[in-house]
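Q: Next up is a structure, given as structure tokens.
Just so it is clear, none of the values below were taken in a lab; they were calculated from the coordinates. Model, not experiment: these values are computed from the prediction. No Cβ is skipped: glycine too gets one built from the backbone with ideal geometry, and neighbour counts run over all protein chains shown.
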Amino acid sequence: MKQRYRIDGRFVVADEEGFNQALAKAQASKTPVFCGCSSGVDLRLYISKRFGKLVLSRWPGSGGNHATGCDHFDAPDFLSGMGQVRGAAVVDDEMTGETSLKVNFPMSRGPARAAPSALTNDKPSVKSTGYKLSMRGLLHVLWDRAELTHWHPKMADKRNWYVVRRALLEAVEQCRMKTLPLAGLIFVPESFREDDKAEIVKRRTMALERVRRSREEMMIVIAEVKERKAFEDRLRIVFKHVGDMRFVLDPDMAKRFNKRFEGDLNLWASDDLRESHLILAGSFCRRPEGTYDLIEVALMPVTRQWLPYESSEELELIEKAVREKRRFVKGLRVNLERTVPIASLVLKDMGERAVAVHIHDEKIEAGEALAALLDEQSVDHYLWWEGEDLPKRGERGPQGAGSAASAKPPVAGGPQRDQEKAAEENVPGDAQASRGFAAYADG
Ligand SMILES: [Zn+2]
């Protein structure tokens, strides 16, 4: 399906002749641009310039209103941790298209060195309110903004560090943090190439200007961990592509790091094939000796496709979805604790309605929060158990009703909408889907 847009009452098709001129004209004359994916609803988009090219982006938080087959579709905020921070820790300026991010960690040392909260605080909820992002929250927001949470089978084997880095840098471009442009605070190592070594090191030195200038100033590294090297009571973190940069955790931090991230490190260690990656986001400063102190740290295991996961069940679910060539958006926790339910995946290939896939978890199901989440009627819900199949994909493309009925919400009394129509057309023998729900209803 080609993307269509409505400008001044006329439809234009993406990438067709005259499209770029139409965008430039709309930008100059401040004419609103609407997405053509859904009739009867005005879905406004905004125009921005990325790497010298005009691009259309969804209005922040509006992604769930687009058709599931539309490029601008995104999982609705309430299904993930984005709902808690949008408008508070993540504030979008509708006039400028800029986003300002509020964080709960310092970016300079100040007279008394602030204790790192991510590492001292084993229960992140104590400090990580919805109003300020923790380091993990920031990493998740950027990953989400970079759309590294989105998966389409055509991305298979195309997503590598080069692509991930570029997407992150694009995501950072329109953001500010503590009134500074985020781009000057974030360091994402360039893919290393032996033949370009001298130039890469030169560019790196420039990128690290802030921490080279002053011992008091900090930046944030987002990179893939290659290995951890313990030396006596210290821990050195070696990142891919910048193996020569010496990032060190002091004895106290090293101890807390191993304790705080035991679960993530175990997940990473248990990947025998070494196919997944471990992403670290951390604030750092530079010592006069040239080593870098890591201060506030978050870890995020990601699959071979760079999709974040937080448990072995979730890894299985994502790998199954990728293997079966599904289209989906991965939900991220941002600031939320592990005990708060979020949808693990939102399937985009189920027909008109998106289907939120929740991983079965007895502890979470005992609480009321999940029931409230499953009560949300703008998407369908599916409860997935380890080892089970995913609901079958809609057969008739994004505009058809597909097999949405097989993913009826487990809560009785859903909206009338197209459900009856879809139910009539339900594929018989789709036992897997009903089993998922029956299991929930019984539990
Ligand atoms: Zn759309």
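Q: Take segment 89-302, compute every pairwise Cα distance, and split them into 5 Å bins from 0; I just need the percent in each bin.
A: 1, 6, 14, 19, 21, 19, 12, 5, 2, 0, 0
Q: So who's got an amide H within less than 5 Å of the one on Gly331, skipping anything under 5 residues away but keeping other chains? H placed 1.01 Å off N, in plane.
A: HN-HN under 5 Å from Gly331: Leu345, Val346.
Q: What order do you get for 337-347, 212-222, 11-21, 52-62 when each peptide is scored by the mean count of other beta carbon atoms within 10 Å, highest first? Let's see the in-between values first.
A: Working: 337-347: 21.2, 212-222: 17.6, 11-21: 12.5, 52-62: 15.0.
By packing density, highest mean first, the sequence is 337-347, 212-222, 52-62, 11-21.
Q: Now for a different question. With a 10 Å radius around each residue's Cβ, average the other Cβ atoms per peptide and rank 386-392, 329-335, 76-82, highest first.
A: Values: 386-392: 16.7, 329-335: 25.6, 76-82: 23.7.
Ranked by mean Cβ neighbours within 10 Å, highest first: 329-335, 76-82, 386-392.
Q: Between Ser38 and Ala183, take the C-beta separation as r, use R0 = 25 Å, and let me know the FRET efficiency to the nearest 0.05. Walk me through the numbers before you get to the answer.
A: Values: r = 34 Å, r/R0 = 1.35.
Approximately 0.15, to the nearest 0.05.
Q: Suppose R0 equals 60 Å; then what is the FRET efficiency for Arg10 and Lys229 from their Cβ-Cβ distance, rounded to the nearest 0.05? Don't skip to the answer; put the middle values down first.
A: Numbers: r = 61 Å, r/R0 = 1.01.
Between Arg10 and Lys229 the formula returns 0.50.
Q: In addition: If amide hydrogens are placed 1.01 Å from N in the peptide plane, which non-local residues have theirs closer than 5 Å to the one on Lys178?
A: Distant-sequence amide H within range of Lys178: Leu101, Val103.
Q: Let me ask you something else. Starting from the 7 Å offset along Cα-to-Cβ, what nm value, one decimal, do you get for the label separation of Lys240 and Arg50?
A: 2.2 nm
Q: Another one. Compute the length gained on full extension between Arg203 and Ala88: take 0.36 nm times their separation in residues and subtract their Cα-Cα distance, giving the result in nm to one decimal. Mind dumping the intermediate values first?
A: On the way: separation 115, 0.36 × 115 = 41.40 nm, distance 3.46 nm.
Value of the extension gain: 37.9 nm.
Q: Sketch the reach of a paramagnetic label on Asn266 as a point 7 Å from Cα along Cα-to-Cβ, and name the residues of segment 312-346 whose backbone nitrogen lies under 19 Å away.
A: 312-317, 337-340
Q: Once the other residues with Cβ under 12 Å from the Cβ of Leu142 are scored (Lys, Arg +1; Asp, Glu -1), what is the net sum? Could the numbers behind the result be given before it?
A: On the way: positive: Arg136, Arg145, Arg165; negative: Asp144, Glu147, Glu170, Glu173.
Local net charge: -1.
Q: Please work out whether segment 224-324 counts as rounded, prolate or oblate from its C-alpha gyration tensor, where a ≥ b ≥ c are the square roots of the eigenvalues and a/c under 1.5 means rounded, while otherwise a/b larger than b/c means prolate and anything else oblate? Working shown, then result.
A: Working: a/c = 2.56, a/b = 2.01, b/c = 1.27.
It comes out prolate by the Cα gyration axes.
Q: If you find the alpha carbon centre of segment 205-241 and of segment 64-109, how far apart are they in angstrom?
A: The distance from the Cα centre of segment 205-241 to that of segment 64-109 comes to 28 Å.
Q: Can you tell me, using C-alpha contacts under 8 Å and at least 6 residues apart, the relative contact order of segment 200-304 as a whole percent? Don't skip to the answer; put the middle values down first.
A: Values: 171 pairs, mean separation 29.7, N = 105.
Normalised by residue count, the contact order of segment 200-304 is 28 percent.
Q: Could I ask something else about it? In straight Cα distance, which lysines are under 21 Å from Lys132, not counting same-chain residues fewer than 8 positions off?
A: Lys102, Lys123, Lys178
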